[in-house]
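Undergrad: Quick one: this structure, given as structure tokens, is what I'll be asking you about.
The values are calculated or read from the model by the stated rules, or taken from the named source; none is laboratory data. Every value quoted in this text rests on a predicted model; they were computed, and no experiment measured them. Cβ placement follows ideal geometry from the backbone for every residue including glycine, while neighbour counts extend to all protein chains displayed.
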Amino acid sequence: MKGVYLPGNAEAHIKKWPDPKPAFGEVVIEVKASALCRSDMTIYYGEPLVGETAAGEVIPGHEPSGIIKEVGKGVKYLKEGDRVVVTCFLGCGSCKYCRSGEPMLCNEVKFLGMDRNGGDAELLATPENVCLLMPREMSYVTGAVSTDAIGNLYATMKEMNVGGDDLVAVIGIGPMGLSGILAAKGMGATVVAIDLVKSRLDKAKELGTDYTVNAKETNPREFINDITKGEGVDKSVDCSGAAAGISTALDITRKHGIVAQIGETGKRKVEMNPSEQLIRKKLTWYGSWYFNLSQWEDIVDFIINKIGNKRAEEIVSHRYPLKEDSVSEAFKLFDEHKTFKVVFTP
């Protein structure tokens, strides 16, 4: 089969990989869509963000959707022809985190596309217990952005108890930020989008954001002070992972407000002022990573009935087949921040 190969030297290629066979408890999925994520770029440059496998040893891609082609022995719930999305994390299955629906916190967790072959390929063999059924009202492309992107931000907004009375700031308007806008607007909030790139802010407007702030031209803190009479936003989400973005989120959020951190900093250190930004505001700042698996049915309902399949697909700017030139271009443009979500459609 064809699959993406990332040797770790800022190149992306297609190569032939062995067709997978399902082990006990596994299914083989015919991949229909697989989305690129910013963390994939750490493999692209040879320093995977998570996992213990070197670049080039496994097929990348941790946001796939598709149709089950083959069922292995021991599979209990899925059957050929089922439409599924595949979640990122394979835990031990027995620790308290796995049992409570958070395998990403398992001490033995393995990462799709980093520890084991991922979805940027024609076929994917994976354990049954990381597959989630996807209704026909959702396209495969929507399925590919429904977990790590929209599902993640849905869970974040729920954790912050976002509602119609809230003013929510989303900082860093890449694919995750756009997902945050969809989630917050779907829950009735008023939304402020903050970024440095005009095209991203234009896209935020298309998705319904109420205010946009170009931080190159306008001081976000001054803007928020003006529209809130010095109070600050109720809740904010940093999707940038940049020091300036994190600091902005902490600065513009009101006393007793909530800040969620989604943007990854990797090995970079970030300076902050706990006295001014946390303690004296009695601010809550928490890390958000993926969604609890028990939330999947709610996420599906939210996408279908609050966002809509068409609007969910609008965070995708580029779709590519699994061809050498296409794959090379996809990773290059994504690395250069010239795209929103990128999806491979084998």
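Undergrad: Given (1) touching a residue at least 40 places away in the same chain (Cβ under 8 Å); (2) assigned to a helix (DSSP H, G or I); (3) of a type in the set (Asp, Glu), where does Asp234 come up short, assuming only one miss?
TA: The failed condition is (2).
Undergrad: Go through the stretch 311-346 residue by residue and tally those that are surrounded by fewer than 20 Cβ atoms within 10 Å (Cβ to Cβ) and assigned to a helix (DSSP H, G or I).
TA: 10
Undergrad: Among the strands (runs of 3 or more DSSP E) contained in the stretch 1-102, which hold 2 or more residues that are modelled with pLDDT under 95 and not assigned by TED's automatic domain parsing to the domain that holds Met134?
TA: none
Undergrad: Could I ask something else about it? Of these, Gly241, Gly208, which one is modelled with pLDDT under 95, within 24 Å of the chain's Cα centre (by Cα) and not assigned by TED's automatic domain parsing to the domain that holds Ile307?
TA: On inspection, the qualifying residue turns out to be Gly241.
Undergrad: Out of the residues in the stretch 187-233 that are over 30 Å from Ile304 (Cα atoms) and among the hydroxyl-bearing types (Ser, Thr, Tyr), state the one that is surrounded by the fewest Cβ atoms within 10 Å (Cβ to Cβ).
TA: So, considering only residues that are over 30 Å from Ile304 (Cα atoms) and among the hydroxyl-bearing types (Ser, Thr, Tyr), the one surrounded by the fewest Cβ atoms within 10 Å (Cβ to Cβ) is Thr218.
Undergrad: Could you go through the stretch 159-181 and let me know if any residue there is touching a helix residue (DSSP H, G or I) at 6+ places or on another chain (Cβ under 7 Å), surrounded by fewer than 24 Cβ atoms within 10 Å (Cβ to Cβ) and assigned to a helix (DSSP H, G or I).
TA: no
Undergrad: Mind checking which residues of the stretch 266-310 are free of Cβ contacts under 8 Å to residues at least 60 places away in the same chain, loosely packed, with under 15 Cβ neighbours inside 10 Å and not in a helix (DSSP H, G or I)?
TA: Within the stretch 266-310, Lys267, Arg268, Lys269, Val270, Glu271, Met272, Asn273, Lys282, Thr284, Gly287 qualify.
Undergrad: While we're here: I'm checking my understanding of the structure. Among residues of the stretch 58-92 that are farther than 28 Å from Glu313 by Cα and under 23 Å from the mean Cα position of the chain (by Cα), which one is surrounded by the fewest Cβ atoms within 10 Å (Cβ to Cβ)?
TA: That would be Cys92.
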